[in-house]
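Q: Below is one structure. I have some questions about it.
The values are calculated or read from the model by the stated rules, or taken from the named source; none is laboratory data. Everything numeric in this text was worked out from a predicted model, so none of it was measured. Here the Cβ is made from the backbone with ideal geometry for all residues, glycine too, and neighbour counts use every protein chain on show. Just so you know, the surface numbers come from the protein's heavy atoms only, side chains and all, with ligands and any DNA or RNA stripped out. Shrake-Rupley method; radii C 1.70, N 1.55, O 1.52, S 1.80 Å.
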Amino acid sequence: METSVVEKLIRERRTIRQFNGKPLAKETIMHLLEAAVWAPVHSRKEPWRFILFVEEGRKQFADAVLHTFSKDERERWTEKLQKDYCESIQAHLLVVIEADPRQRVWEDAVGASAALIQNIQLLAWEQDIGVVWKTNEYNFDPDFYAKTGVKAGERIVGTLHLGYFDQDKIPKPRPRTPAEELLTCVSVAGEDAQQH
């Protein structure tokens with residue numbers, strides 16, 4: 001079977017952690033988001049909103065992350081983090097949802113948001129823009145929420161760092177388990193059905 005454009009994109013996309021600092025226009029990110037919101041949503045209401053840090057706003061994001069560090073961690077990491085977050089990486093995007101106590105509503109929102117994030121990653125990769133999806137401890141820190149504009153009753157599904165990268169820095173793919181090894185296939189109905 002011939003490989004489709006979408007399959008090729010899915011197979012070739014990589015998480016990028018080393019960015020080269022080339023400017024990335026806010027309009028380009030907005031274009032990615034406008035397409036990405038077409039992810040599948042189970043509820044009538046789209047569950048997400050976004051907080052984007054670009055240009056000088058990246059310093060606010062970096063400061064919010066540093067605020068969650070211990071004194072020792074700040075002494076050790078401040079210089080590198082500020083260089084990475086305010087120079088190399090061109091944008092930081094928070095994908096935020098309501099913290100609904102109803103499990104089904106919550107899981108639907110998380111699932112839809114994960115699909116949206118994958119859309120962003122694939123759309124970005126198609127334009128040679130790298131993305132790393134972070135779920136670090138600061139994504140759960142109330143002080144980080146306060147300093148980044150996350151409202152009470154909201155949760156961060158993921159922090160995305162976006163920027164251009166050098167092609168020779170693309171990481172090698174990590175192996176994936178063949179789907180066939182993970183599949184239980186039920187092909188006959190009833191109690192005597194065999195699974196293979």
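Q: How about the range 83-196: which helices (runs of 4 or more DSSP H) wholly inside it have at least 3 residues that are touching a helix residue (DSSP H, G or I) at 6+ places or on another chain (Cβ under 8 Å), touching a residue at least 12 places away in the same chain (Cβ under 8 Å) and open to solvent by less than 50 Å² (accessible area, probe 1.4 Å)?
A: In the range 83-196, 103-126 are the helices (runs of 4 or more DSSP H) which contain 3 or more residues that are touching a helix residue (DSSP H, G or I) at 6+ places or on another chain (Cβ under 8 Å), touching a residue at least 12 places away in the same chain (Cβ under 8 Å) and open to solvent by less than 50 Å² (accessible area, probe 1.4 Å).
Q: Of the conditions (1) open to solvent by 30 Å² or more (accessible area, probe 1.4 Å); (2) touching a residue at least 24 places away in the same chain (Cβ under 8 Å); (3) more than 30 Å from residue 8 (Cα to Cα), residue 70 clears all except one; give me its number.
A: Of everything listed in (1) open to solvent by 30 Å² or more (accessible area, probe 1.4 Å); (2) touching a residue at least 24 places away in the same chain (Cβ under 8 Å); (3) more than 30 Å from residue 8 (Cα to Cα), residue 70 misses just condition (2).
Q: Does the range 23-43 contain at least one residue that is within 25 Å of residue 169 (Cβ to Cβ), in a loop (DSSP other than H, G, I, E, B) and touching a residue at least 40 places away in the same chain (Cβ under 8 Å)?
A: Checked against the condition, which is being within 25 Å of residue 169 (Cβ to Cβ), in a loop (DSSP other than H, G, I, E, B) and touching a residue at least 40 places away in the same chain (Cβ under 8 Å), the range 23-43 yields at least one hit.
Q: Also, quick follow-up: Name the pairs: first residue in the range 1-20 and touching a residue at least 40 places away in the same chain (Cβ under 8 Å) and within 23 Å of residue 163 (Cα to Cα), second residue outside any loop (DSSP other than H, G, I, E, B) and open to solvent by 80 Å² or more (accessible area, probe 1.4 Å), Cβ to Cβ under 7 Å, at least 6 apart or on different chains?
A: The qualifying pairs are 9/126; 18/169.
Q: Spot the failing condition for residue 189; the list is (1) of a type in the set (Gly, Ala, Ser); (2) in contact with a strand residue (DSSP E or B) (Cβ under 9 Å, 6 or more places away or on another chain); (3) over 23 Å from residue 16 (Cβ atoms), and only one is missed.
A: Result: residue 189 passes all but (2).
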